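> Okay, handing you the structure first.
Just so you know, all these numbers are worked out from the coordinates, no wet-lab data involved. All figures in this text were calculated on a predicted structure; none of them were measured in a lab. Heads up, the Cβs are rebuilt from the backbone with ideal geometry, glycines too, and the neighbour counts pull from every protein chain shown.
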Amino acid sequence: MAIWNPWHGCRKISPGCANCYVYRRDESIGKDASVVSKTGDYDLPLKKNRQGQYKLTADDGIVFTCMTSDFFLDTADAWRAGCWDMIRSRRDLQFHIITKRIDRFADCLPPDWGDGWDHVTICSTCEDQERTDHRLPILLSLPIRHREVICEPLLGEINLEKYLAGGLIEQVTCGGESGDPARPCDFRWVQELRRECIRCGVPFYFKQTGAVFIKDGKVYHIPRKLQMPQAKKSGYSYIPGTGSADAIRYQLPERRDLFGRLHKSGFRSRFHLTEKERDYIAEKGLSVIRSHAQDLVAKRLSAENPEHDGKQTPMKGHPVFIAQHATACCCRGCLEKWHSIPAGKILTENEQAYIVDVLMQWIGTEMER
Ligand code: SF4
Ligand SMILES: [Zn+2]
């Protein structure tokens with residue numbers, strides 16, 4: 001990985017900018033980050049060493065471009081054409097441009113951009129739902145070969161599934177806010193984004209927890225140096241088809257606690273078996289119903305990314321379906337939210353057996369009603 005900062009300094013335009021690290025770092029050395037100036041590294045992609053070789057080579061990996069400003073900042077309009085010339089001449093490198101100003105992109109392109117350059121990835125940041133709904137339709141409508149979304153600092157729950165569904169976004173990265181005072185990041189928001197990515201088959205990168213991290217309603221203050229390692233350790237980054245979620249450590253809920261929570265949910269507790277369904281169970285016998293449950297769990301829930309996840313369990317047609325809704329075993333999202341079983345992994349035999357036991361316990365109670 002390499003960093004190319006052709007200019008330095010920026011103007012805040014978005015809630016995500018409130019604790020901008022460029023401002024924080026500059027302030028700490030008595031500098032004004034709102035003053036934008038070209039840096040000595042402006043022509044880094046063309047710089048050569050004494051042997052006459054380029055300083056930046058393909059071996060450096062991704063060249064993150066304009067990390068102490070915004071590439072599409074209007075103050076830098078006069079300098080951008082020169083950057084495009086350098087980018088054009090270095091097709092051996094991979095440039096990643098992260099911007100909060102995707103709405104200026106169309107006005108800032110080189111004349112020969114065409115339908116995009118293969119060695120340039122454009123990453124739009126989306127820190128909340130409002131920014132997401134403003135920026136992603138623009139990102140999707142533009143001629144770009146490689147698009148990514150960066151939800152960092154993640155400031156609230158974001159739904160971006162409809163933007164992922166078209167298959168044009170290649171990765172979603174998310175992370176909490178660092179520094180002081182950092183705004184909190186709730187793990188539930190991370191999980192929700194991740195589930196959306198899984199459903200759409202899009203790689204998800206949980207980059208860092210941020211300084212104030214909420215998990216299961218508890219607030220944790222995470223030191224800077226642990227923010228990335230903790231996110232990595234959680235295992236919540238997701239690469240489709242690699243078994244990346246198998247390493248996630250979690251605990252199945254205690255059964256009494258689970259049924260207590262289900263009982264308190266207005267939605268879950270309104271499900272009951274009809275007389276007809278109870279007759280059906282009595283006629284078949286519980287062991288047959290258990291084998292139906294095993295079958296349904298295996299076929300509809302157990303894949304890494306089950307087909308039509310979230311909609312795979314009908315509201316009628318078999319008593320096991322009703323039990324699934326009543327116990328929040330209806331889809332992988334509910335299994336994660338209620339039972340802590342991570343989405344994005346193939347369910348183990350143990351996990352399937354646990355789900356079947358929960359379903360049968362609920363059915364058993366219904367039969368005694
Ligand atoms: S756009 Fe980026 S660099 Fe500019 S102020 Fe906002 S966070 Fe800082
Ligand atoms: Zn569900």
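> Looking at segment 276-369, which GluC sites (Glu not before Pro) are DSSP coil and have at most 10 other C-beta atoms within 10 Å of their C-beta?
On the way: sites: Glu277, Glu283, Glu304, Glu307, Glu336, Glu349, Glu351, Glu366, Glu368; in loops: Glu304, Glu307, Glu368.
Sparse-neighbourhood loop GluC sites (Glu not before Pro): Glu307, Glu368.
> Could I ask something else about it? Hey, which lysines would be in cross-link range of Lys31, C-alpha to C-alpha under 17 Å, not counting anything within fewer than 8 residues on its own chain?
Excluding near neighbours in sequence, the set is Lys12.
> Please check: in the Gaussian network model of the chain (C-alpha springs, under 10 Å), which one of Cys197, Cys331, Cys126 has the largest mean-square fluctuation.
Cys331
> If you don't mind, another one. Which value in deg cm²/dmol, rounded to the nearest 500, describes the helix-derived mean residue ellipticity at 222 nm for the chain, given -39,500 (n - 2.57) per DSSP H run of n ≥ 4 and division by the residue count? Mind dumping the intermediate values first?
Details: 13 runs with 137 residues, N = 369.
It lands at -11000 deg cm²/dmol.
> Among Ala303, Ile3, Ala76, whose Cα sits farthest toward the positive end of the charge dipole of the chain (+1 at Cβ of Lys/Arg, -1 at Cβ of Asp/Glu, about the Cα centre)?
Ile3
> Another question, then. Hey, for a label at Asp41 modelled as a point 7 Å past Cα toward Cβ, could you say which residues of segment 51-70 have their backbone N under 18 Å away?
Answer for this model: 54-70.
> Could you tell me which of Gly156, Ala245, Met228 has its Cα farthest along the dipole of segment 2-247 towards the positive end, charges placed at Cβ (Lys, Arg +1; Asp, Glu -1), taken about the Cα centre?
Towards the positive end, the residue furthest out is Met228.
> Between Leu286 and Leu226, 0.36 nm times their residue separation minus their Cα-Cα distance comes to what? All intermediate terms of the calculation are to be shown ahead of the outcome.
Working: separation 60, 0.36 × 60 = 21.60 nm, distance 5.00 nm.
Answer, rounded to one decimal: 16.6 nm.
> What does the charge dipole of the chain about its Cα centre add up to, to the nearest 20 debye, if the Cβ of each Lys and Arg holds +1 and the Cβ of each Asp and Glu holds -1? Walk me through the numbers on the way to the answer.
Details: 53 positive and 49 negative charges, 119 e Å.
Roughly 580 debye for the chain.
> When the chain is treated as a GNM, springs tying every alpha-carbon pair under 10 Å, which of Ser141, Ser340, Ser244 comes out with the largest mean-square fluctuation?
Between Ser141, Ser340, Ser244, it is Ser141 that shows the largest mean-square fluctuation.
> In terms of Cα to Cα distance under 20 Å, which lysines are near enough to Lys299, apart from those fewer than 8 places away along the same chain?
Lys299 reaches Lys311, Lys316, Lys345.
> Continuing with the same structure: Express in nm, to one decimal, how much length is gained between Arg25 and Asp180 on full extension, taking 0.36 nm for each residue of separation and deducting their alpha carbon distance.
Numbers: separation 155, 0.36 × 155 = 55.80 nm, distance 1.18 nm.
So the extension gain works out to 54.6 nm.
> Which of the trypsin sites (Lys or Arg not before Pro) found in segment 1-93 are loop residues per DSSP with 10 or fewer other Cβ atoms within 10 Å of their Cβ?
On the way: sites: Arg11, Lys12, Arg24, Arg25, Lys31, Lys38, Lys47, Lys48, Arg50, Lys55, Arg80, Arg88, Arg90, Arg91; in loops: Arg11, Lys12, Lys31, Lys47, Arg50, Lys55, Arg90, Arg91.
Loop-located and lightly packed - Arg50.
> To continue, here is another question. Farthest toward the dipole's positive end in the chain, which of Cys123, Val219, Tyr54, given Cβ charges of +1 (Lys, Arg) and -1 (Asp, Glu) about the Cα centre?
Looking along the dipole axis, the top candidate is Val219.
> Could you give the size of the charge dipole of segment 102-226 about its Cα centre, using +1 on the Cβ of each K and R and -1 on the Cβ of each D and E, expressed in debye and rounded to the nearest 20? Display every interim value, and only then the final one.
Values: 16 positive and 20 negative charges, 106 e Å.
Using only the charged Cβ atoms, the result is roughly 520 debye.
> Ok, one more. Take Met67, Met360, Met315 and order them by how many other Cβ atoms sit within 10 Å, fewest up front.
Values: Met67 16, Met360 19, Met315 10.
Ascending Cβ contact count within 10 Å gives the list Met315, Met67, Met360.
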